[in-house]
Every structure is written in structure tokens, then in C-alpha cells.
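Colleague: Please see the structure below; I have some questions.
Each value in this text was obtained by applying a stated rule to the coordinates, not by laboratory testing. What you see is a predicted model; the values in this text were computed from it and never measured. Positions of Cβ are backbone-derived with ideal geometry, glycine not excepted, and every protein chain shown enters the neighbour counts.
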Amino acid sequence: MTAVDIAVVGGGVVGAACARAAAQRGLQVAVFEPGPDPAAASPASAGMLAAQIEPSDDALVALSVRARDLYEPLAPALRDATGIDIGFWRSGIAAVAFDEPTAGRLREEVARQRQAGLRCDWLEGDEVRERWPGTAPDCQGALFAPEDGALDPQALTRACLADARRLGATLHPEKVEALATADGRAAGVVTGRGTTAAGHTVLAAGVWSPQIRGLPRPLPVEPLRGQMASTVWPGGTPPAILYHDHGYVLARGSDAVLGSTMERAGYDARVTNEGLAQIFRGAVRLLPSLLTQPVQRMWAGLRPATPDGRPILGADPAMERLWYATGHGRNGILLAALTAEIVVDLLTTGRTDVDVAQLGVARFAPAT
């Protein structure tokens, strides 16, 4: 097949964003995506932009906030270019406390974020119930991040792919089986149809990234199953995004999106009774009126997790022209647009203004 400047392995949200960013720079891009996979991470995401809600890793907070803020201009740009509305909604996220120890920890987090210059508020329990009638009566208060929000993850993926193709990228419905190499460099990709030569290769295949043959090192990316469900959003409750202990309730139009589990189940993306019970316990605690809402849909996906919870970004130090954009875990939607900017900046100029020193693949296993 004809050589391209960049072969992007994976057409989920991260691969789609990388393809768009590269095509914007005038590069010839080929995206390899075998087709919708029911186990893929992007469709299974709620699309939360929760940069300030899950700041368990200080190294990721600044990165996450910057990534979130990119969607403010990106949403209208994608709509104008493709006609696709990605459902960008920046109404804030409330992390709810149900006991005093949790409330104390969240109050400290509010103070810490404010000291770092971020907008963050503490809401007392009465304030939470006043803003969102129907929320839990035993709520002790909430950390409220007013600049966090959400978007429609499937719409974002479609829009990025559509814009990339508008800019000249080609989409190949093929599974990449192996990396092609020449003289110690990445030289393209191998599929069932043959080899496509490429000046650079970007690996953005999520949980399937380690399965590509010919990589210079093992990739410690493992699937974490996330189960989800949806109901009707309860009448009389203003739209909201409520969070507690990795569980959440998110309003999307007239629906309530409920999530999510974090399970080591290999590549098994089935919905289980135990997982759904966990989801509904958490959701009903946040919003008791959900107890009477009929379930509309249940699904699951596999999130690509790394041992330290950080994504793998940037060049492979042992193989030239191979670039990583994988291992985003629960933060693939949040970090997708910024990941694309980082990788394409590095690929085209050799530098980026984002500190990615702690995100390189070399922090894990050495090259083989």
C-alpha cells in the first residue's frame, strides 16, 4: 500500500484525536480501526471531564485541568467543521460526602485546590439539597468543581474522525497485527491485507496495545472492566453530575448515566449482576429517586490501565519513530485532545510545552 506520514493504530477517542491533530498539520494520516468493538473503552465512558474530582495523582492534576480546558474551544470548532455536537456541558461536578471523615478530607482538598489557583467550592449539605432537590438526605456536603463537566464520548470520537477525514486522513477497517520495522526503526504496520509503510507509527489501541507484535518492549497495559447503566433522569431534579467513591450519576439529556465498576476481569466485557448491583447501590445513595426509574440499558467496556495509573505518552527511546498514546485508564476522554497535541508536537518538532517526563514508557519494563 502507499506510504503515509503517520499510521495511527486505533480509532477510539485517543486515536481519532491524534489523527485529527496530525492531519491539521498537513500530514498524510492513515487510521487503522477494525470496527466497533463492544468491549472498547470510548463507548463505555460516561464522558466526564472530572479534572478536579479524582486528583489522586498530583502529577496528573495540572495535565487534567489543561486537557479539560481544551474542550471549550474544541467543541464549537468540531461542530462548525463536521456538524457534530459533542455535547460539551460545563456545569460543574459535585463530589459528595456521606460521613464526617470524607467531608473533612474533601474540605482539605478544596483548600488545596484553591491554593493551587483552581476554582473549587465547599457546599454544605443543605446547599447541595437546595441546588439539586432529591439528592441524598444524609449528604454531609460536597466538593464542587464548577469548571468540570462532561461530553458525549461517542460523539467526540465521531467528530474527531470526521474532521480528520475532512482534512485528508484515511480510515482503514483493518486490525493491525504487527509493527513493521527497518534498521531498528518503526516503518509502518502489518495487517491481514499486507504492510503499510509509514514515516511514524502512533500506538493508540487501548487495551489491545500490548497485543501488537514487534514492539520493542512489553507494555504494562491491562484491561479494567467498567460496567454502566442508564435510566430516565428523575423529574423535578435539575441536571447534575454527582460523584462518590468512584461511582457517579450524570444527566445526559433526559437520561441518567450511572457508573461505574473497576474490575480486573481480563478481556471479559460482560455485564454482571454483581457489577450492576454495585452501580445501583452507589447511584441510589447519591440520588434516591433513581430507585423508581426503570433501567433502559446496561453495558460494559475495558479501560486500558497502567500500574501507576498514568498514561503512556511519547516516543519509545529504543525504537525511533514509534510513539505511544495509550494506557489512559478512566481518563481517556478527558485527556484525548491534549494527548493528541502532545504526541503530534513531539513527533513534528521534537518538543512540547507539557511536562511529560513522568509519562514515558521507559518508566516500566526495559526494551527487549
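Colleague: For Ala318 and Arg193, what does the FRET efficiency come to when R0 = 25 Å and r is the distance between their Cβ atoms, rounded to the nearest 0.05? Don't jump to the answer; show the numbers that get you there.
Modeller: Details: r = 28 Å, r/R0 = 1.13.
E between Ala318 and Arg193, to the nearest 0.05, is 0.35.
Colleague: Another question, then. For the range 74-161, which semi-axes, largest first and in whole Å, follow from the square roots of 5 times the eigenvalues of its Cα gyration tensor?
Modeller: Equivalent ellipsoid semi-axes, largest first: 32, 16, 10 Å.
Colleague: While we're here: Please rank Trp132, Trp299, fewest neighbouring Cβ atoms within 10 Å first, as an exposure proxy.
Modeller: Numbers: Trp132 24, Trp299 16.
Arranged by neighbour count, lowest to highest, Trp132, Trp299 become Trp299, Trp132.
Colleague: Kindly give Rg over Rh for the range 227-368, based on alpha-carbon atoms, with the Kirkwood expression for the hydrodynamic radius.
Modeller: On the way: Rg = 19.1 Å, Rh = 17.5 Å.
Radius of gyration relative to Kirkwood radius: 1.09.
Colleague: Here is a follow-up. Testing the spin-label approximation: label points 7 Å from Cα along Cα→Cβ at Gln28 and Glu124. State their distance in nm.
Modeller: Placing both labels 7 Å beyond Cα along the Cβ direction yields 6.6 nm.
Colleague: Taking the range 90-220 as the region of interest, what is the percent of Cα-Cα pairs per 10 angstrom bin, listed from the shortest bin to the one with the maximum distance?
Modeller: 10, 24, 17, 16, 20, 11, 1
Colleague: Further question on the same structure: Based on the Kirkwood radius over alpha-carbon pairs, what value in µm²/s does the Stokes-Einstein equation return for the translational diffusion coefficient of the range 192-259 at 4 °C and 1.567 mPa s?
Modeller: Numbers: Rh = 16.1 Å.
The calculation lands on 80 µm²/s.
Colleague: Please give the calculated 222 nm ellipticity per residue for the chain, where each DSSP H segment of at least 4 residues contributes -39500 (n - 2.57) and the sum is spread over every residue; nearest 500 deg cm²/dmol? Write down the numbers at each step before the final one.
Modeller: Working: 8 runs with 110 residues, N = 368.
The helix-only estimate for the chain comes to -9500 deg cm²/dmol at 222 nm.
Colleague: Can you list the equivalent-ellipsoid semi-axes of the range 279-353, largest first and in whole Å, using the square root of 5 times each Cα gyration tensor eigenvalue?
Modeller: Numbers: eigenvalues 300, 32, 21 Å².
Ellipsoid half-lengths, sorted descending, are 39, 13, 10 Å.
Colleague: By per-residue mean of other Cβ atoms within 10 Å, what is the highest-first order of 100-108, 19-27, 334-342?
Modeller: Details: 100-108: 14.4, 19-27: 22.8, 334-342: 26.6.
Peptide ranking by packing, descending: 334-342, 19-27, 100-108.
Colleague: Taking Cα atoms of the chain, Rg/Rh with Kirkwood Rh, to two decimals? Can you show the working numbers first?
Modeller: Numbers: Rg = 20.7 Å, Rh = 21.0 Å.
Reported Rg/Rh, Kirkwood definition of Rh: 0.98.
Colleague: Same structure again: In whole percent, what relative contact order does the chain give with Cα contacts below 8 Å and a gap of six or more residues?
Modeller: On the way: 874 pairs, mean separation 87.2, N = 368.
Across the chain, relative contact order equals 24 percent.
Colleague: Using r as the Cβ-Cβ distance of Ala365 and Asp99, and R0 as 35 Å, what FRET efficiency do you calculate, to the nearest 0.05? Kindly include the intermediate steps, with their values, before the conclusion.
Modeller: Numbers: r = 41 Å, r/R0 = 1.16.
Plugging the Cβ-Cβ distance into 1/(1 + (r/R0)^6) gives 0.30.
Colleague: Taking other Cβ within 10 Å of each residue's Cβ, how do His172, His328, His200 sort, fewest first? Present the calculation step by step, with values, prior to reporting the outcome.
Modeller: Working: His172 20, His328 28, His200 25.
In increasing order of surrounding Cβ atoms, one gets His172, His200, His328.
Colleague: Just want the ordering: Cys120, Cys139, Cys18, from fewest to most Cβ atoms lying within 10 Å of their own Cβ. Intermediate values should be presented prior to the final figure.
Modeller: Numbers: Cys120 21, Cys139 24, Cys18 33.
Ranking Cys120, Cys139, Cys18 by Cβ neighbours within 10 Å, fewest first, gives Cys120, Cys139, Cys18.
Colleague: Then there is this: Is the shape of the range 167-226 rounded, prolate or oblate, going by the alpha carbon gyration tensor and its root eigenvalues a ≥ b ≥ c, with a/c under 1.5 for rounded and a/b larger than b/c for prolate? If you can, show how the numbers build up before the last one.
Modeller: On the way: a/c = 1.91, a/b = 1.27, b/c = 1.51.
Because a/c hits 1.5 or more and a/b fails to exceed b/c, the range 167-226 counts as oblate.
Colleague: Now, a different point. At a Förster distance of 35 Å, what's the computed FRET efficiency of Arg264 paired with Glu108, Cβ-Cβ distance as r, to 0.05? Don't jump to the answer; show the numbers that get you there.
Modeller: Values: r = 30 Å, r/R0 = 0.87.
The computed FRET efficiency comes out at 0.70.
Colleague: Given 0.36 nm per residue, what is the gain on full extension from Gln358 to Ala277 after removing their alpha carbon distance, in nm?
Modeller: Numbers: separation 81, 0.36 × 81 = 29.16 nm, distance 3.69 nm.
Additional length available on full extension: 25.5 nm.
Colleague: Per the Cauchy relation, a quarter of the hull surface: what is the mean projected area of the convex hull of the alpha carbons in the range 242-301, in nm²? Spell out each step's value before the answer.
Modeller: Values: hull surface 17.0 nm².
Averaging across all directions leaves 4.2 nm² for the Cα convex hull.
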